[in-house]
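Here is the structure we will look at.
The values are calculated or read from the model by the stated rules, or taken from the named source; none is laboratory data. The structure displayed is predicted, hence computed values, not measured ones. Here the Cβ is made from the backbone with ideal geometry for all residues, glycine too, and neighbour counts use every protein chain on show. Heavy atoms of the whole protein, side chains included, go into the accessibility calculation; ligands, DNA and RNA do not. Shrake-Rupley method; radii C 1.70, N 1.55, O 1.52, S 1.80 Å.
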Amino acid sequence: MSNIKNVEPLQDFNWEEFENGGAVGAQKEETAKLYDETLNKVSEHQVVDGKVISVDKKEVIVNIGYKSDGIIPASEFRYNPDLKVGDIVEVYVENQEDRKGQLLLSHKKARLSKSWDRVNAALDNEDIVQGYIKCRTKGGMIVDVFGIEAFLPGSQIDVHPIRDYDIFVGKTMEFKIVKINQEFRNVVVSHKALIEAELEAQKKEIISKLEKGQILEGTVKNITSYGVFVDLGGVDGLIHITDLSWGRVSDPHEVVTLDQKINVVILDFDDEKKRIALGLKQLTPHPWDALDQDLKVGDHVHGKVVVIADYGAFVEIAPGVEGLIHVSEMSWSQHLRSAQDFMKVGDEVEAVILTLDREERKMSLGIKQLKEDPWETIEVKYPVGSKHTAKVRNFTNFGIFVELEEGVDGLIHISDLSWTKKVKHPSEFTQVGADIDVVVLEIDKENRRLSLGHKQLEENPWDTYETIYTPGSVHAGKITEIMDKGAVIALNEGGEGFATPKHLVKEDGTQAQQGEELEFKVIEFVKETKRIILSHSRTFEEGKEDAKKAPRAAKRPAKKEEAPAINNVAASTTLGDLDALAKLKAEMEKSE
């Protein structure tokens, strides 16, 4: 009880009015009135400044000096990720009090109410503005600037080509307003414009210090089929594909990758230093300088075919060290062929060094030297008289070129194809690519050529024909060809003969035609020239002549003294004097 203090009541307190409730009500009203006077006078649909008193992921609480604080969604401040407690922001009063008695504010509407004036002012003054990249669109990005959706072209994002637009979505960046369409209220912004001025200053400084032979660090900016563009810090230079590596490069992607940082050496630039030639391979010694000093002509090397042409193939035996295998060094064959017949790009080959010039950095190689030259011992494998099978390579009017094996060629003269058939062109006898049996007739080692024969594989039938086709003998044959000078006759016993037109007249007076089979008499046989001259007419004319002679002998006169005179006349008379004989016969018959 000692803790209880004696409190004396107020002397002027009106207990009667308190009991009736009047004093409390009046006091409340007066207190509220005094409180209200301390608050800001706020009107709805008005833009005022407010102070941020709380920030979290969902909402921002702002005090505008009103009896309650306003709550604004945090999404309206996405453009400003640095927003913090104590910042002064513009807000739009939507409602002084909702159903819950809450003050409703909007930061977005506050920005929009003045945004158009702001963007126009920023364009005129070339001000830097902040914007929030909302999303991608065709050809660029949509950026929130003062609450307005502005367009950011893809080419205006950065000074470097952009390959992935999505990495920029959700970022807040600084921009420069570059274009406004007042009629459609379209706004175009650029981030590139902000950094170009800075880069231009850097570029001037870099260019002023450029020297040939200078080594700089750069970033791979772009890769093309002909070379690589490197950013040297605002200045671009080109590494031509031939300056990427001492070895051959078919695709620059084999050497560098985008955004890769590399050291390069300045090879050259124009007077204004706008075109800068860079080198990468020059940072390492030339491979020829590091080539094994013991390497010499005759040594065997291994390498990969990097380039191929009709005349030969380039083989890389070490990065940047190449040798040429000429097509003539690929095979002992004398036929003109293409290098593609022997190898292709990418093939691993072994070769022999034929020439080596370190000063000129040139080397010639050969692969046929890995095999023995077949002409060194040609007499052993292909002696005269030996028989072989060859491949027909090509024709000429005078014969057939054949290949017995790679590097060993021969010629079959057209006269050595057949004993009996007259071949006008080798294509009548065989075809390119076909196999043909041959016999070696002669060896020309100096010119690396064999004389070959085909008909010599068989016995000469003209030795037999000489005994069959004796002059005067009659044989059956078929007319196979008719020409102006006569006809070719295929004889049944073999071989061909020839008959002139006057010897092709048949017994009925008509001319013999192609395809007819008739009897022919041998007029002439010449073995040396392989000529058989025939006649069909002789087969029946000589029979008639014998028949005419028999009746005349039966009608000889009885007078012994006159007979010799007649016989002598007949013997000395030619067939052309038939009229004289007829007159003489008439006179004799008349005297009798």
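Here are the numbers for this structure:
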quantity	calculated
Some residue of segment 217-224 being surrounded by fewer than 19 Cβ atoms within 10 Å (Cβ to Cβ) and without any contact (Cβ under 8 Å) to a residue 12 or more places away in the chain	no
Residue within segment 443-458 that is of a type outside the set (D, E, K, R) and without any contact (Cβ under 8 Å) to a residue 24 or more places away in the chain present	yes
Count of segment 457-471 residues which are open to solvent by 50 Å² or more (accessible area, probe 1.4 Å) and part of a helix (DSSP H, G or I)	6
Residue check for SER364: among the hydroxyl-bearing types (Ser, Thr, Tyr), in a loop (DSSP other than H, G, I, E, B) and within 31 Å of the chain's Cα centre (by Cα)	no
Residue, nearest to the chain's Cα centre (by Cα), within segment 407-456, restricted to residues that are exposed (fewer than 14 other Cβ atoms within 10 Å of the Cβ) and over 29 Å from GLY495 (Cα atoms)	ASN447
ASN181 being under 25 Å from ASP117 (Cβ atoms), without any contact (Cβ under 8 Å) to a residue 24 or more places away in the chain and loosely packed, with under 14 Cβ neighbours inside 10 Å	yes
Filtered residue count, segment 268-296, keeping only those that are surrounded by fewer than 16 Cβ atoms within 10 Å (Cβ to Cβ) and either at pLDDT 90 or above or among the acidic types (Asp, Glu) (or both)	7
Residue check, GLY486 within 30 Å of LEU411 (Cα to Cα), over 55 Å from the mean Cα position of the chain (by Cα), surrounded by 14 or more Cβ atoms within 10 Å (Cβ to Cβ) and not hydrophobic (A, V, I, L, M, F, W, C)	no
Residue count for segment 279-313, restricted to those that are under 31 Å from the mean Cα position of the chain (by Cα) and free of Cβ contacts under 8 Å to residues at least 12 places away in the same chain	0
Yes/no for GLY497 being small (Gly, Ala, Ser), buried (at least 17 other Cβ atoms within 10 Å of the Cβ) and either over 30 Å from ASP373 (Cα atoms) or modelled with pLDDT under 85 (or both)	yes
Within segment 230-267, tally of residues that are open to solvent by less than 70 Å² (accessible area, probe 1.4 Å) and in a strand (DSSP E or B)	11
Strands (runs of 3 or more DSSP E) (entirely within segment 90-205) containing at least 2 residues that are within 26 Å of LYS221 (Cα to Cα)	128-137, 140-145, 148-153, 172-181, 186-190
Residue count, segment 363-392 (criterion: of a type outside the set (A, V, I, L, M) and surrounded by 16 or more Cβ atoms within 10 Å (Cβ to Cβ))	8
Test: GLY233 is on the phi > 0 side of the Ramachandran plot and touching a residue at least 24 places away in the same chain (Cβ under 8 Å)	yes
Single match in ILE133, ILE195 (criterion: in contact with a Leu (Cβ under 8 Å, 6 or more places away or on another chain) and of a type outside the set (S, T, N, Q))	ILE133
Enumeration of residues in segment 59-91 that are open to solvent by 60 Å² or more (accessible area, probe 1.4 Å) and among the aliphatic types (A, V, I, L, M)	ILE71, VAL85, ILE88
Scope segment 259-300; condition touching a Ser or Thr at 6+ places or on another chain (Cβ under 9 Å) and under 14 Å from VAL220 (Cα atoms); matching residues	ASP259, GLN260, LYS261, ILE262, LEU280
Unmet criterion (only one of (1) open to solvent by 80 Å² or more (accessible area, probe 1.4 Å); (2) outside any loop (DSSP other than H, G, I, E, B); (3) in contact with a strand residue (DSSP E or B) (Cβ under 8 Å, 6 or more places away or on another chain)) for PHE395	(1)
